[in-house]
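Undergrad: Quick one: the structure is below, and I'll ask about it shortly.
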Amino acid sequence: SNQTLMDTLSGESVVKYTREWGTKGGTYLVNAMGTALSWTLNIGLGLIFAIYMLLDKERLMMQGKRILKAYASDEWVNRVSYVTRVAVQTFSNFFVGQFIDALILGIMVGISLWAFNIEYATTIACVIGLTALIPLLGIYVGGVIGAVILL
């Protein structure tokens, strides 16, 4: 029994296990760093692209319409223009509704927490109002964050 324990803990086996663990751990670490860098770059480039498009949206729309007029018939230009107008109106209404909903929810939560004299009522109400902008899960995420703030 003692002999097998000594064999298991021999210098060669310790070096072997350490080398295997180091290789696997190093590979995992490099993969994790690569994934984090990829996410960071994607989010950063996405934000830059979105800001650029928002700042130049009128010019981009005019350029798109010019290209469409150059290569498509008037019927297609009218169809695409109609669909684009409907899409812009629909999305605008959706986002305005989301913001109003989040504002109302934040105010209601703030008043409720203030009425019960809960600490950090304003902070929690703001967090819940902001996270309510996230569709479906935002309110729950805000509730969890609010609970953590109270702890």
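Undergrad: Springs between alpha-carbon pairs under 10 angstrom, Gaussian network model over the chain: which of VAL15, VAL109, VAL88 fluctuates most?
TA: VAL15
Undergrad: Can I ask one more? Helix-only mean residue ellipticity at 222 nm, the chain, DSSP H runs n ≥ 4 weighted -39,500 (n - 2.57), per residue, nearest 500. What is it?
TA: Values: 6 runs with 133 residues, N = 151.
Calculated at 222 nm, the ellipticity per residue is -31000 deg cm²/dmol.
Undergrad: May I ask you to derive the FRET efficiency for PHE99 and TYR71 from their Cβ-Cβ distance with R0 = 41 Å, giving the value to the nearest 0.05?
TA: 0.65
Undergrad: Additional query: Work out which helices of the chain, taken as complete DSSP H runs, extend at least 30 Å along their axis over the Cα atoms and score a mean Kyte-Doolittle of -1.0 or more, then list them. Provide the component values of the computation, followed by the final result.
TA: Numbers: long enough: 11-55 (65 Å, 0.55); 74-115 (61 Å, 0.85).
Helices meeting the criterion: 11-55, 74-115.
Undergrad: A follow-up question, please. Quick check: from the Cα gyration tensor, does the chain come out rounded (a/c under 1.5), prolate or oblate?
TA: Working: a/c = 4.42, a/b = 1.52, b/c = 2.91.
The shape class here is oblate.
Each reported figure results from applying straightforward, stated rules to the coordinates on display, with no laboratory input. Being a predicted model, the structure only gives us computed values, none of them experimental. Counting neighbours? That spans all protein chains shown, and the Cβs are built from the backbone with ideal geometry, glycine included.
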